[in-house]
Amino acid sequence: MITIKQIKADEEISALIKTSAKQIDALNFTEHSVRHASIVSSWTSLILKEIGENEKLINLGEIAGYMHDIGNALSRFNHAQSGAILAYELLTKRGMNYEDAAEIMMAIGNHDEVNGVPVSVLSAALIIADKSDVHKSRVRNKVLNEDTNIHDRVNLAANRSYITVDKEQKKIDTVLDIDTDICSVGDYFEIYHTRMLMCSKAADLIGYKYGLIINGVRML
């Protein structure tokens with residue numbers, strides 16, 4: 001079985017993630033480097049573990065989460081689909097069986113809110129993990145002024161973000177601590193509304209409800 005440790009140590013995959021981050025930097029988007037890949041990997045596996053999935057799917061979740069944005073190495077446009085194909089080819093070339101590689105391909109191909117939909121438990125966990133990573137470290141220019149766009153302002157305001165899974169209440173929450181002097185809760189919803197709807201659909205597929213807690217107040 002291919003493990004996340006092997007994926008992280010793989011020279012070719014590392015080069016693609018590095019190139020992906022370079023292109024995102026050039027476009028002045030929020031950070032999509034090894035940091036984001038590692039967090040999404042960890043949170044995807046956390047969700048799968050907490051909802052009671054088996055070790056095999058948890059392992060696939062770690063790998064899918066780590067590789068989900070490699071399509072940005074080619075282009076930001078349709079990066080989910082190009083990344084899905086890249087991941088399938090990379091993983092089968094390394095000996096992963098076709099069925100497992102296809103499961104990862106499907107999850108990566110559907111993680112973007114523009115044209116993706118939750119189609120499996122793995123894809124649902126990946127979607128929630130990816131959309132929950134909001135943090136000030138993802139912003140390159142940390143000098144706040146009147147020219148700071150709303151995406152950077154929202155991320156700059158986020159001092160902490162994490163995911164909780166309540167098995168008894170069947171609820172998956174994104175939890176945020178934000179500085180409301182930098183951005184309002186309304187600003188967050190303005191740019192993340194579509195992503196929150198996608199997370200809600202993802203949680204529904206798992207059989208859970210999606211929730212959002214900001215500064216200790218439940219918003220969803």
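The values are calculated or read from the model by the stated rules, or taken from the named source; none is laboratory data. In this text the structure is predicted, and so the values were computed from the model without any measurement. Neighbour counts are summed over all protein chains in view; Cβ atoms, including those assigned to glycine, are modelled from backbone coordinates with ideal geometry. Quick note on the areas: whole protein, heavy atoms, side chains included, nothing else; ligands and nucleic acids left out. Shrake-Rupley method; radii C 1.70, N 1.55, O 1.52, S 1.80 Å.
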Taking the conditions exactly as written (within 23 Å of SER123 (Cβ to Cβ) and among the hydroxyl-bearing types (Ser, Thr, Tyr)), does THR164 satisfy them or not? yes
Conditions (1) over 19 Å from SER132 (Cα atoms); (2) out of contact with any Leu (no Cβ under 9 Å at 6 or more places or on another chain); number of the one not met by SER33: (1)
Just one listed residue, out of ILE206, ILE214, is of a type in the set (Val, Ile, Thr), crowded, with 21+ Cβ neighbours inside 10 Å and in contact with a helix residue (DSSP H, G or I) (Cβ under 8 Å, 6 or more places away or on another chain), and it is ILE206
The one condition in (1) in contact with a Cys (Cβ under 8 Å, 6 or more places away or on another chain); (2) modelled with pLDDT of 95 or more that VAL154 fails to fulfil: (2)
The condition of being part of a helix (DSSP H, G or I), touching a residue at least 40 places away in the same chain (Cβ under 8 Å) and open to solvent by 50 Å² or more (accessible area, probe 1.4 Å) holds, among ARG140, ARG195, only for ARG195
I'd like to check something: does segment 152-165 contain any residue that is open to solvent by less than 50 Å² (accessible area, probe 1.4 Å), on the phi < 0 side of the Ramachandran plot and part of a loop (DSSP other than H, G, I, E, B)? no
For THR148, are the conditions met, namely being open to solvent by less than 70 Å² (accessible area, probe 1.4 Å), more than 17 Å from GLY65 (Cα to Cα) and among the hydroxyl-bearing types (Ser, Thr, Tyr)? yes
Select from segment 168-192 the residues that are open to solvent by 50 Å² or more (accessible area, probe 1.4 Å) and either in contact with a strand residue (DSSP E or B) (Cβ under 6 Å, 6 or more places away or on another chain) or charged (D, E, K, R) (or both) and list them in ascending order. GLU168, LYS170, ASP177, ASP179, ASP181, GLU190
Those residues of segment 127-137 which are more than 15 Å from the chain's Cα centre (by Cα) and open to solvent by less than 10 Å² (accessible area, probe 1.4 Å) amount to none
